[in-house]
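Single-structure report; data block below.
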Amino acid sequence: MESPFKTDILKGKVALLTGGGSGIGFEMATQFGKHGASVAIMGRRKHILDSAVATLQSQGIQAIGLEGDVRKQEDANRVVESTVKHFGRLDILVNNAAGNFLVSAEDLSPNGFRTVLDIDSVGTFTMCHEALKYLKKGGPGKGPASGGTIVNISATLHYTASWYQIHVSAAKAAVDSLTRSLALEWGTDYDIRVNGIAPGPIGDTVGTRKLIPDEIKSKTREYMPLYKMGEKRDIAMAALYLASDAGKYINGTTIVVDGGLWLSRPRHLPKEAVKELSRVVEKRSREAPIGVPKSKL
């Protein structure tokens, strides 16, 4: 599928993506590379990284894989330093590493709750913290594109409430909060833009297969405004927009890419039944007397 962006929109840029070896992270790495960037992908499983890097390089993309755990500051520092040592700079950080599983609140252990927060929220901050010195290339008054940019992958679970994902909802709420706070501080001090993306259900991903059984997927589609699951490419295109100069005046915003699902509720009545009810109400309003009758004296 042809990209809506120019192929050189990220030419000369270097991007580091956590959780970049598979799923949405790998698709973002692929699209960043196809649009001119050199990419470093970080993950905990060497065989996944090796396979991903080989695929990226086969497409002519400059790519390296770096093992590391975002929960460990020493790993975060080493991966950032290795990226800069290999490519000479760092322009874009994408925080995509995440943990998720379904569990009721009463069955969730404090350790399980803490683990997801450590990966999603603490891990996101740790990577931002270690990357800062390389992202703050410019400074106040140096121009809108002088600093680097950060994209944090969030979710919509905490916008209302979500069944059996209290740990993820809390973690992603924290991610959204730090996105706004870092956008304020680092945007002002260093011209670093910090934004987020909140994906909805994305087809053909481990997360969707793990969290949404097939029998539920069909029901979900029934009340999605666009009546379909999202694609990994949809998230990658949003990330390209935010990471490039196309989004150079976007800061502190989390873009929801879910087809409008978080706004949705199942239909309680078919559309034709609603039309019939509307006709009945309209007919009654036409036949009803206008105004209030005067009292007899």
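The values are calculated or read from the model by the stated rules, or taken from the named source; none is laboratory data. This one's a predicted model, so the numbers in the text were calculated from it and none came from an experiment. Backbone-built Cβ (ideal geometry, glycine too); neighbour counts: all protein chains shown.
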Item to check | Any pair with Cβ under 7 angstrom, 6 or more apart, that starts in the range 90-115 at a residue that is modelled with pLDDT of 95 or more and ends at one that is among the basic types (Lys, Arg) | outcome: Asp91/Lys13; Ile92/Lys13
Checklist entry - Just checking, how many residues over the range 14-59 are farther than 23 Å from Lys72 by Cα and in contact with a Phe, Trp or Tyr (Cβ under 9 Å, 6 or more places away or on another chain)? => result 5
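Looking at Ala76, Ala131, Ala97, Ala63, can you tell me which residue is in contact with a Gly (Cβ under 6 Å, 6 or more places away or on another chain) and crowded, with 17+ Cβ neighbours inside 10 Å? Let's see the steps before the verdict.
Values: Ala76 fails: in contact with a Gly (Cβ under 6 Å, 6 or more places away or on another chain); Ala131 fails: in contact with a Gly (Cβ under 6 Å, 6 or more places away or on another chain); Ala63 fails: in contact with a Gly (Cβ under 6 Å, 6 or more places away or on another chain).
Result: Ala97 is the single residue among Ala76, Ala131, Ala97, Ala63 that is in contact with a Gly (Cβ under 6 Å, 6 or more places away or on another chain) and crowded, with 17+ Cβ neighbours inside 10 Å.
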Item to check | Selection from the range 144-201 of residues that are farther than 14 Å from Val256 by Cα, in a helix (DSSP H, G or I) and small (Gly, Ala, Ser) | outcome: Ser169, Ala170, Ala171, Ala174, Ser177, Ser181, Ala183, Gly187
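What residue, among those in the range 230-280 that are basic (Lys, Arg) and at pLDDT below 85, is nearest to Asp8 (Cα to Cα)? Break it down into steps so the answer makes sense when it comes.
Step one: filter the range 230-280 for residues basic (Lys, Arg), giving 232-233, 248, 265, 267, 271, 275, 279.
Those still in the list that are at pLDDT below 85 too: 265, 267, 271, 275, 279.
Numbers: Arg265: 41, Arg267: 44, Lys271: 46, Lys275: 51, Arg279: 56 Å.
Here the residue is Arg265.
Quick check on Ile24: is it closer than 20 Å to Ile197 by Cα and in contact with a Pro (Cβ under 8 Å, 6 or more places away or on another chain)? Break it down into steps so the answer makes sense when it comes.
On the way: closer than 20 Å to Ile197 by Cα: yes; in contact with a Pro (Cβ under 8 Å, 6 or more places away or on another chain): yes.
The answer is yes for Ile24.
Against the condition of a type outside the set (A, V, I, L, M) and under 23 Å from Met42 (Cα atoms), how does Gly147 come out, does it pass? Steps first, answer last, please.
Details: of a type outside the set (A, V, I, L, M): yes; under 23 Å from Met42 (Cα atoms): yes.
Taking the combined requirement at face value, the residue satisfies it.
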